[in-house]
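Below you'll find the structure, written out as structure tokens, and then a few comments.
The values are calculated or read from the model by the stated rules, or taken from the named source; none is laboratory data. Everything numeric in this text was worked out from a predicted model, so none of it was measured. Neighbour counts run over all protein chains shown; Cβ positions are idealised from the backbone, glycine included.
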Amino acid sequence: CRTPVCVISVTVKSAGGLQKTSRLSMTPDPFALIKCEGRKVKTSVQKDSLNPQWNTGALFFVRRPQKTRLIIQVWDSNWFWDAFMGQAKIPIDINNRAVTETHQLMGRRRNHQEKMAGAVTVEVKCYQDLLAI
């Protein structure tokens, strides 16, 4: 078990330009998953929204920043199973300041280079001082 070398504060602010997950579905009920080194935090579900506002934060103590990416996944909440809408993989940069960026949603697995509809806006703060946040 390695000792953490940096701390990351992530706020998933919003997503925009989302589309319905199928022609038969209603307006999506999106939520986001914030993932880092095997841990995850889920935002609230925003009912009937193509442009959800979450402003949900998470804090991660990271052991291997060079090999780790922050992953923000957007899902459509459904009764039986959730539908994947896209994800952003963000490299970890220990820059000791807050950075707000908008990332294009992309596919996953075999389709990881495919652009998906929409983008997600996140604020990331990454500090080497574990007590900085």
Can you tell me which residue within segment 87-117, out of those that are of a type in the set (S, T, N, Q) and closer than 30 Å to ASP48 by Cβ, is modelled with the lowest pLDDT? ASN111
Do we find a residue being of a type in the set (Gly, Ala, Ser) and free of Cβ contacts under 8 Å to residues at least 12 places away in the same chain anywhere in segment 20-32? no
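Any chance segment 31-43 includes a residue that's farther than 27 Å from VAL7 by Cα, out of contact with any helix residue (DSSP H, G or I) (no Cβ under 6 Å at 6 or more places or on another chain), crowded, with 16+ Cβ neighbours inside 10 Å and not hydroxyl-bearing (Ser, Thr, Tyr)? Write out each step before concluding.
Residues of segment 31-43 farther than 27 Å from VAL7 by Cα: none.
Taking every residue of segment 31-43 in turn, none turns out to be farther than 27 Å from VAL7 by Cα, out of contact with any helix residue (DSSP H, G or I) (no Cβ under 6 Å at 6 or more places or on another chain), crowded, with 16+ Cβ neighbours inside 10 Å and not hydroxyl-bearing (Ser, Thr, Tyr).
Answer yes if at least one residue in segment 53-60 is β-branched (Val, Ile, Thr), out of contact with any Cys (no Cβ under 9 Å at 6 or more places or on another chain) and loosely packed, with under 14 Cβ neighbours inside 10 Å, and no otherwise.
no
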Just checking, how many residues over segment 29-43 are in contact with a Ser or Thr (Cβ under 6 Å, 6 or more places away or on another chain) and in a loop (DSSP other than H, G, I, E, B)? 3
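How many residues are among the hydroxyl-bearing types (Ser, Thr, Tyr) and buried (at least 17 other Cβ atoms within 10 Å of the Cβ) when one looks only at segment 20-30?
1
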Name the pairs: first residue in segment 67-86 and at pLDDT 95 or above, second residue among the basic types (Lys, Arg), Cβ to Cβ under 8 Å, at least 6 apart or on different chains? LEU70/LYS35; LEU70/LYS89; ILE71/LYS35; ILE71/LYS89; ILE72/LYS35; GLN73/LYS35; GLN73/ARG108; PHE84/ARG108
Which numbered condition LYS13 fails, given (1) at pLDDT below 95; (2) under 17 Å from HIS103 (Cα atoms); (3) of a type in the set (Lys, Arg): (1)
Out of VAL45, VAL74, which single residue is touching a Phe, Trp or Tyr at 6+ places or on another chain (Cβ under 8 Å) and closer than 18 Å to GLN104 by Cβ? VAL74
When GLY17 is evaluated against the numbered criteria (1) within 15 Å of ALA117 (Cα to Cα); (2) touching a Ser or Thr at 6+ places or on another chain (Cβ under 8 Å), which criterion, by number, is the only one it fails? (2)
Residue that is surrounded by the most Cβ atoms within 10 Å (Cβ to Cβ) [pool: residues in segment 88-131 that are of a type outside the set (D, E, K, R), in a loop (DSSP other than H, G, I, E, B) and in contact with a Cys (Cβ under 9 Å, 6 or more places away or on another chain)]: ILE92
Mind listing just one residue for me: the one in segment 44-87 that is of a type in the set (Gly, Ala, Ser) and not in a loop (DSSP other than H, G, I, E, B) and, of those, nearest to VAL5 (Cα to Cα)? ALA58
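Filter segment 3-12 down to the residues that are within 19 Å of the chain's Cα centre (by Cα) and over 16 Å from GLN87 (Cβ atoms), then identify the one that is surrounded by the most Cβ atoms within 10 Å (Cβ to Cβ).
ILE8
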